[in-house]
Structures are given as structure tokens and as C-alpha cells.
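Novice: Attaching a single structure in C-alpha cells format; questions to follow.
Only the coordinates and a few stated rules stand behind these numbers; no lab work does. Quick caveat: nothing in here was measured; it's all calculated off a predicted structure. Methodologically, a virtual Cβ is constructed for each residue, glycine included, from the backbone with ideal geometry; neighbour enumeration extends over all protein chains shown.
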Amino acid sequence: MSRNVIETVMGAVVLVIAALFLIFAYSTAQVHAVSGYEVTAKFSKIDGVREGGDVRISGIKVGSIVSTSLDPKTYEAVLTLSIDPTVKLPTDTVASIVSSGLLGDKYLALLPGSADEMIKPGGQISYTNAPVSIEDMISKYIFNATGSPTSGGQGAPGGGAAPPSLAPAPGAPGPGATGGAQGSGQNGGQPAAPK
């Protein structure tokens, strides 16, 4: 009988601690939706952004993403945002989709501009930056580093000629020829001794 009482008390203590932890996590995580005025922003893509996501200025939550939709005419993604009424956004505000870390959640970052006129409720943020895809960056790096198969990894990506500013001057030694036309390559790129 005493063993059942001890197990019951320990179970109750664990449940109370778990409830306190959930209350603390909810109160500090800022997961509540911000009620305020609505504005929209159009993006070419919104990879990783979801409804209910944060809208932040300088890392501080000032709003929430209310909805996502597709503009049937331009095929752009449209985000509807709810912004805290105490925050007024200039008309030259820039909206960017950024990640909170390498593998973190994405959110909408606002960079207010310096215009005197403010975006009115129901207005639109005109300047936006689409998110950068890690996968795209990695694939560009891999394929640009290996070069094209026909050029042997030399020259400009895609097999084209180097821009004029990077091309060697006429009569100048090519890449790797430190000793000019006399370099033999057998003595570490040093010019051959005169005979």
C-alpha cells in the first residue's frame, strides 16, 4: 500500500513540474499572434515560411504572418502580415525572409527605411527579398568549383572566355608561367639558366 502512495505522489510531482515547464515555455516563446493592422508583401518565393510565423524588426517580434496566398496574375507569393499598432512602417521598408540559424526556422525580417510617409493599414510593402536557398548555394559552389568537363576546370564558369579585365595582356605570360617563355617547368617554374 505504501509503495502505491509513493508512486502516486512522485507521478503527481512530475506532472506539476511538466505543467510549470510548459507554462514557462509558452510565456517566453512569444508564440501568441500579434493583433494589429494588416499589410501585404509579395515575394517570388517563400520557402520555409508558414502562417503564424514571426515578423521581426531588429530581432524583436512586432507581428505575425496571418496568411499566405498566390497572386493569380503574377504568380507571386503574397504574405498577409499583422503588425503591432504601435509600430509604424515607412513606405520604403524592406521585407526579407531570413533564417534564425543554419537549420533554424525562417521568419520575416523588416528593415524600416527613412521615408516620411508611413504604410497605411491594408497597404503593401513594396521592397522584398526572397529567401536564399542553402541547396541552391551548395549546388552552385559544387558545379562552379569543378568547371565544365571540356575546359578542364579552367576559364570562366560555363566554358566562356574570361572578362577583358581578367584576361592576360597580349604578349604576357599565361597563368602559371612565372618565368615567361623561357620557363621549362622542370625546375619549379624558374627560368632556365642562360647557356
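Novice: Please compare each pair in LYS42/LYS120; LYS73/LYS106; LYS45/LYS88; LYS73/LYS120 to a cut-off of 22 Å on the Cα-Cα distance and tell me which ones are over it. Working shown, then result.
Specialist: Working: LYS42/LYS120 16 Å; LYS73/LYS106 26 Å; LYS45/LYS88 26 Å; LYS73/LYS120 24 Å.
Cα-Cα > 22 Å for LYS73/LYS106; LYS45/LYS88; LYS73/LYS120; rest within.
Novice: Can you list residues whose amide H is under 5 Å from TYR127's amide H, if they're 5+ apart or on another chain and H is modeled 1.01 Å from N?
Specialist: Placed amide hydrogens put ALA95 under 5 Å from TYR127.
Novice: Just flag the trypsin sites (Lys or Arg not before Pro) in the range 1-87 sitting in loop per DSSP whose Cβ has no more than 10 other Cβ atoms within 10 Å.
Specialist: Passing sites in the range 1-87 are LYS73.
Novice: With only alpha-carbon pairs counted, each pair once and no self-pairs, how large is the Kirkwood hydrodynamic radius of the range 1-122 in angstroms?
Specialist: Result for the range 1-122 stands at 16.9 Å.
Novice: To the nearest 20 debye, what charge dipole does the range 37-135 have about its Cα centre, counting +1 at the Cβ of each Lys and Arg and -1 at the Cβ of each Asp and Glu?
Specialist: Numbers: 9 positive and 12 negative charges, 11 e Å.
Using Cβ point charges on Lys, Arg, Asp and Glu, the range 37-135 gives about 60 debye.
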